[in-house]
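Here, each number is a calculation from the coordinates, and none is a lab measurement. Predicted model only: the values in this text are computed from it and were never measured. As a convention, Cβ positions derive from the backbone with ideal geometry for all residues, glycine included, and neighbour counts pool all protein chains shown.
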Amino acid sequence: QALPQTLAYMMANPNSEMPGFGMITTGDDYIFIKLNQQVRQYALSDKFTAISRDENNNLFRVLRVIKRITGLLVQP
């Protein structure tokens, strides 16, 4: 349900020559979105769960993805 609203906000970005990044969260679950406005395609990440017994799917991976996206956006 949050995906259409998130994509609408992302499509309103006037800087359409670069991919846009978004995140949908419930507080415990996180899904990342990458939008290429030029070809009107989007891709979704796997669902990350912050509270999980699985060591490969936890809050540290979510933070790592956010850090990587931030690094992409800050590059000159």
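In the elastic network of the chain, a GNM with C-alpha springs shorter than 10 Å, the most mobile of 66, 24, 51 is 51. Taking amide H positions as modeled 1.01 Å from N, with prolines and chain starts lacking one, the residues under 5 Å from residue 23 and 5 or more places away or on another chain are 33.
Listed from fewest to most Cβ neighbours within 10 Å, the set 61, 53 follows the order 53, 61. Could you give the angle, 0 to 90 degrees to the nearest 10, between helix 59-74's Cα long axis and the longest principal axis of the Cα atoms of the chain? Roughly 20 degrees between the two axes. Taking θ as phi - 60° and the Karplus parameters 6.51, -1.76 and 1.60, the scalar couplings of segment 18-24 work out to 10, x, x, 10, x, 9, 10 Hz in sequence order, x denoting glycine and proline.
Would you work out the charge dipole size for the chain about its Cα centre, treating the Cβ of every Lys and Arg as +1 and the Cβ of every Asp and Glu as -1, and quote it to the nearest 20 debye? Working shown, then result.
Details: 8 positive and 6 negative charges, 31 e Å.
Magnitude of the dipole: close to 140 debye.
Take the Cα of residue 12, step 7 Å toward its Cβ, do the same at residue 67, and the gap between the two points is 3.2 nm.
Adding -39500 (n - 2.57) for every DSSP H run of four residues or longer, then dividing by how many residues the chain holds, sets the calculated 222 nm ellipticity at -11000 deg cm²/dmol.
Compute the length gained on full extension between residue 2 and residue 25: take 0.36 nm times their separation in residues and subtract their Cα-Cα distance, giving the result in nm to one decimal.
Gain in length upon complete extension: 7.4 nm.
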